[in-house]
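Engineer: Questions regarding the structure given below will be posed in turn.
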Amino acid sequence: MTQSAGSNHDFHYQGLAIYKAAVALFVCLDKTVKAFSNHHRYVLGNELRLQSLRVPVLIMRANHRDQRVAALNELCLAAESLKIMVNLGKEIEAYASFTAYADLARQVVDLARQAEAWRRHSVQSRAVAPQPAIQRGPE
């Protein structure tokens with residue numbers, strides 16, 4: 001099935017560095033969660049997976065101007081939530097090794113930084129966008 005350029009279904013998010021980072025994070029997280037004990041896998045592991053599944057979808061939404069601000073706000077919150085959950089996993093000793101935690105934490109922090117930078121850039125771009133001229137009547 002081919003799509004015409006410019007159609008509403010023509011999404012160009014898969015080449016974005018943040019999208020690639022989100023996919024890599026999900027793959028790393030999935031492998032890490034598989035090594036959790038059953039107790040941690042079904043509670044914390046499930047929440048980590050669900051939250052990390054939201055991230056690529058939010059990136060796709062943020063790539064469209066009409067949804068950008070709201071999606072970027074949600075994306076930044078999702079990344080912060082992942083950081084908290086990853087750190088909670090460390091506190092309850094859910095990870096098979098410190099290296100597993102460190103790798104996952106590094107990827108989550110990297111994703112959060114990219115999301116926040118994208119949000120800052122979008123907010124600044126909107127702030128400096130040319131405003132329509134106000135026409136005044138005769139004085």
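Engineer: What are the extents of the Cα atoms of the range 1-119 along their three principal axes, in Å, largest first?
Structural biologist: So the three principal-axis extents are 49, 31, 21 Å.
Engineer: Among residues other than Ala17 whose Cβ falls under 12 Å from its Cβ, what is the net charge (Lys/Arg +1, Asp/Glu -1)?
Structural biologist: It works out to a net charge of +1.
Engineer: Which of Phe98, Phe26 has the fewest other C-beta atoms within 10 Å, and how do the rest follow up to the most?
Structural biologist: In increasing order of surrounding Cβ atoms, one gets Phe98, Phe26.
Engineer: Treat the count of other C-beta atoms within 10 Å as a stand-in for reagent exposure and order Leu29, Leu50, Leu44 from fewest to most.
Structural biologist: Least crowded to most crowded, the residues run Leu50, Leu44, Leu29.
Quick note: the coordinates plus some simple rules give every number you see, no bench work behind them. All figures in this text were calculated on a predicted structure; none of them were measured in a lab. Positions of Cβ are generated from backbone atoms using ideal geometry, with glycine treated the same way; all protein chains shown enter the neighbour counts.
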